[in-house]
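Visitor: Please see the structure below; I have some questions.
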């Protein structure tokens with residue numbers, strides 16, 4: 001039997017123990033590793049939960065900030081604090097937010113007017129502001145070196161290239177500055193930017209935290225930095241070459257076409273959040289057939305490529321299929337210089353428009369009870385104005401129920417004095433001996449014999465530098481009410497032909513009326529009779545006299561006390577005759593039944609249906625109250641579209657010599673009353689008697705006209721009947737006259753009008769664009785350019801013969817923001833472009849024969865809304881106008897913020913600049 005050596009005894013046990021220990025160690029290590037990995041996994045999960053919760057909080061805070069800017073232009077500290085509260089945080093199970101904050105957006109208001117040289121600004125509060133930094137008031141940037149509880153000290157004025165200016169009490173002071181946008185579809189534009197830092201920490205249920213920050217920039221982009229902008233569909237389809245310049249943006253679809261043999265050049269970036277349509281016009285016409293010209297789009301500065309008909313973002317009309325090649329064309333071929341919804345185009349909206357208000361509210365009077373500091377109230381030019389002119393049928397519709405009657409008797413009792421030295425004429429009244437004045441017996445409006453030809457109530461207020469308002473109605477009216485008064489700022493009337501320039505007789509004056517053929521006809525064809533709807537009653541503003549008033553150059557006046565923020569704003573609203581079916585003012589014409597596409601080409605008569613293109617106010621209902629005479633004591637039965645306001649007419653029954661006949665043989669005198677004035681050819685004749693076929697007691701060559709021979713059979717009409725009568729219905733407009741440079745207020749001047757505006761003669765230029773000028777704009781319901789040769793009487797004498805309304809070359813330098821018409825399908829038998837809004841080249845309206853003459857325009861073309869008063873459909877070129885040679889260009893001065901017109905509307909855009917995860921070190 002073998003025996004083990006005692007020395008070897010226990011080795012197996014030791015080996016077993018070693019193996020057991022090693023196995024145990026491996027097991028323990030494995031278990032520890034598993035436990036560690038489990039803990040790491042749990043921690044990762046908890047951190048991921050916290051991270052994503054922080055990200056959700058960041059997005060929620062960003063969204064709430066964006067919504068806040070839809071309800072206010074500059075949120076205050078309380079509003080910013082509200083969206084940081086716990087009720088606004090994401091409600092996530094097991095997650096809390098120990099830090100949920102934003103920094104920036106500081107805003108306050110001046111508590112005293114600030115002069116252009118002041119170095120201390122008194123404000124409501126500086127709570128939350130840095131101890132030094134930058135700020136902005138109106139268009140001026142400043143830096144400051146110190147603060148107290150209610151002031152900024154050590155101001156450096158006119159920073160960053162802005163202009164030091166005076167600012168009124170209560171002006172907004174914001175922590176913002178002007179920069180050039182670096183990223184996104186609006187890169188390259190200058191904008192007033194308000195920086196914010198969003199900072200969110202999220203904590204999971206076991207205490208794990210994640211912290212994220214984001215830099216956000218709220219950008220306010222001036223609309224006049226665009227060469228062409230439209231809030232609705234935008235069309236290009238000019239006949240001749242067209243190259244306006246500047247950026248182009250449409251919030252609607254973008255229709256690109258060009259006349260045969262011509263080229264449209266889009267020299268800078270073009271954007272839309274909808275579709276780029278190359279194959280159709282906006283009225284559905286095939287552009288490849290009607291407008292087969294070239295559309296050149298910029299690739300790099302100075303380099304262009306033609307955009308073919310099959311290269312839009314859609315294959316045909318805006319609702320057709322997407323073009324699969326478009327993303328590559330947009331982003332690569334054109335280097336992002338033409339963008340649609342598919343390639344990054346974003347809408348641009350006015351701050352208040354996101355709250356449900358229409359952009360047209362910027363030119364509207366506010367409703368009763370609206371706060372001027374509300375989001376809409378801050379945007380209304382009514383509240384921003386230096387001078388505000390309001391007219392209504394009732395003083396109840398004027399501020400505070402205070403107004404002044406536009407009658408001699410009424411104003412005399414309030415301090416208006418009729419006299420010859422200085423000349424202060426009475427308000428015009430009808431001459432009972434003149435048969436051209438309408439009366440109850442000839443079926444128009446009611447008894448007008450000896451009646452006032454100017455009507456309603458007026459209120460004129462000046463906004464002072466401290467933000468208060470002063471009634472200056474009598475001050476302005478005492479300067480003049482008529483075209484023959486040297487210092488008149490407002491003009492309601494003019495001396496009738498042949499009257500003394502210094503007359504103080506009321507019957508020697510007529511109202512200022514013109515006939516607008518675009519408003520007076522449904523279609524581009526002549527008819528018998530002059531439709532009343534085209535008769536526009538005008539209030540004129542003498543721009544040079546207004547400049548003198550603001551500058552304190554008219555003795556004993558107070559215009560130099562008016563608020564100036566880089567210039568002056570004139571606000572105008574005339575609602576006389578404006579009544580809806582229940583008697584309330586609306587600011588709208590109130591008759592939309594004007595398209596009627598199913599009618600014959602020469603008709604377009606109202607059909608009682610809401611056709612496409614007729615819903616100007618967007619309420620989905622057909623408005624018709626404006627077609628009837630609106631208010632007592634006048635009946636509501638006269639249809640402005642069906643009733644002519646034409647002069648009586650007959651024809652000569654013999655040759656009419658150039659000698660002094662006292663008897664004129666005609667076909668019939670039945671429609672005429674005597675004594676009265678007649679128009680025979682270009683001569684005015686007055687006759688005192690008549691038989692069935694003769695006028696007797698005639699005196700030739702009245703009102704400075706020449707006695708000329710006229711052939712048998714030529715027309716004989718009564719003289720400009722519609723030109724002299726009172727307009728009772730809501731066809732009111734503002735006309736700017738005497739505005740050639742250097743006659744505008746400086747440094748900037750903006751006219752805001754709820755009504756259509758006519759600009760007559762050179763404006764802010766005088767034979768060239770090289771002279772002294774103002775930074776000017778007109779923001780109105782619609783804008784029509786009248787040349788320096790325009791004559792109101794010719795518009796009545798030749799309402800549908802545009803060849804007898806010759807234009808002359810005229811110069812205009814201003815930004816124009818105005819309404820236009822809606823697009824609708826082309827009615828059969830009409831021109832290829834009928835049913836469009838006229839396109840960009842026809843955005844500026846005309847009423848004359850411009851053949852051989854040039855309209856020089858330098859500015860910015862902006863459509864923010866549809867017209868609500870100047871609603872006549874675009875039509876050309878038979879009765880309304882013939883086009884000028886268009887020397888149009890974008891005014892690049894508007895790219896400099898300090899050279900923008902006062903009150904320039906600004907779009908809001910919110911950009912996310914950076915994102916950062918904050919790692920805490922223990």
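The numbers here are math on the coordinates, done by the rules we state, and not lab data. Computed from a prediction, not measured in an experiment: that's the story for all the values here. Please note: Cβ atoms are built from the backbone with ideal geometry, for glycine as well, and neighbour counts cover all protein chains shown.
Visitor: Percent relative contact order of the range 232-343, based on C-alpha pairs within less than 8 angstrom and at least six residues apart?
Guide: On the way: 282 pairs, mean separation 27.6, N = 112.
So the answer I get is 25 percent.
Visitor: In addition: With the crude spin-label approximation of a point 7 Å out along Cα→Cβ, what separation in nm comes out for residue 243 versus residue 17?
Guide: Between residue 243 and residue 17, the simple spin-label model gives 10.0 nm.
Visitor: If you average the alpha carbon positions of the range 380-420 and of the range 63-83, how far apart do those two centres end up, in angstrom?
Guide: After rounding, the separation between the Cα centres reads 38 Å.
Visitor: How would you rank 724, 346, 67, going from fewest to most other Cβ atoms within 10 Å of each one's own Cβ?
Guide: Values: 724 24, 346 16, 67 12.
Starting with the residue having the fewest Cβ neighbours, the order is 67, 346, 724.
Visitor: According to a simple spin-label model (label point 7 Å from Cα along Cα-to-Cβ), what is the distance in nm between residue 187 and residue 682?
Guide: It is 6.1 nm.
Visitor: OK, next. Which log10 I(q)/I(0) values, to two decimals, does the range 649-719 give at q = 0.17 Å⁻¹ under the Debye formula with one point per Cα?
Guide: Log10 of I(q)/I(0), two decimals: -0.48.
Visitor: For residue 420 and residue 48 in the same chain, what is the full-extension length gain: residue separation times 0.36 nm, less their Cα-Cα distance, in nm?
Guide: Working: separation 372, 0.36 × 372 = 133.92 nm, distance 8.79 nm.
Length difference between fully extended and current span is 125.1 nm.
Visitor: Just want the ordering: 305, 845, from fewest to most Cβ atoms lying within 10 Å of their own Cβ. Can you show the working numbers first?
Guide: Working: 305 15, 845 24.
Result, fewest neighbours first: 305, 845.
Visitor: Using the alpha-carbon centroid of each, what span in Å lies between the range 739-780 and the range 348-379?
Guide: 25 Å
Visitor: Expected output is a single nm value to one decimal: the length gained when fully extending between residue 474 and residue 620, i.e. 0.36 nm times separation in residues minus the C-alpha distance. What is it?
Guide: Working: separation 146, 0.36 × 146 = 52.56 nm, distance 4.27 nm.
Residue separation times 0.36 nm, minus the Cα-Cα distance, leaves 48.3 nm.
Visitor: Restricting to bridges with both residues inside the chain, how much of the DSSP beta-bridge set is antiparallel, in percent to the nearest 5? Write down the numbers at each step before the final one.
Guide: Values: 103 of 180 bridges.
In the chain, approximately 55 percent of DSSP beta bridges are antiparallel ones.
Visitor: If you take every DSSP beta bridge whose two residues both sit in the range 247-358, what share of them, in percent to the nearest 5, is antiparallel?
Guide: On the way: 6 of 17 bridges.
So the antiparallel bridges amount to about 35 percent of the total.
Visitor: Let me ask something additional. Taking the alpha-carbon centroid of each part, what is the distance from the range 536-585 to the range 235-308 in angstrom?
Guide: Centre-to-centre (Cα) distance: 39 Å.
Visitor: In addition: For 136, 536, what ranking results if the residue with the fewest other Cβ atoms within 10 Å of its Cβ goes first? Mind dumping the intermediate values first?
Guide: Working: 136 22, 536 25.
Ordered from fewest to most neighbouring Cβ atoms within 10 Å, 136, 536 come out as 136, 536.
Visitor: Rounded if a/c is under 1.5, else prolate if a/b beats b/c, else oblate: with a ≥ b ≥ c from the C-alpha gyration tensor eigenvalues square-rooted, which is the range 712-794? Walk me through the intermediate numbers first.
Guide: Working: a/c = 3.71, a/b = 1.75, b/c = 2.13.
The shape class here is oblate.
Visitor: Subtracting the Cα-Cα distance from 0.36 nm times the residue separation, let me have the gained length for residue 324 to residue 394 in nm, one decimal.
Guide: Details: separation 70, 0.36 × 70 = 25.20 nm, distance 6.00 nm.
That pair, residue 324 and residue 394, stretches by 19.2 nm at full extension.
Visitor: Using r as the Cβ-Cβ distance of residue 803 and residue 893, and R0 as 30 Å, what FRET efficiency do you calculate, to the nearest 0.05? Intermediate results must be reported in sequence, preceding the final value.
Guide: Values: r = 37 Å, r/R0 = 1.24.
In this case the efficiency is close to 0.20.
Visitor: Working from Cα positions, state the angle (0 to 90°, nearest 10) between the long axis of helix 11-68 and the longest principal axis of the chain.
Guide: The two axes meet at around 10 degrees.
Visitor: Can I ask one more? Sequence gap at least 6, Cα distance under 8 Å: using those rules, report the relative contact order of the chain to the nearest whole percent. Present the calculation step by step, with values, prior to reporting the outcome.
Guide: On the way: 2358 pairs, mean separation 114.6, N = 922.
Answer for the chain is 12 percent.
Visitor: Taking the simple approach of a point 7 Å from Cα along Cα-to-Cβ for both residue 118 and residue 132, what is their distance in nm?
Guide: Reported label-point gap for residue 118 and residue 132 is 2.3 nm.
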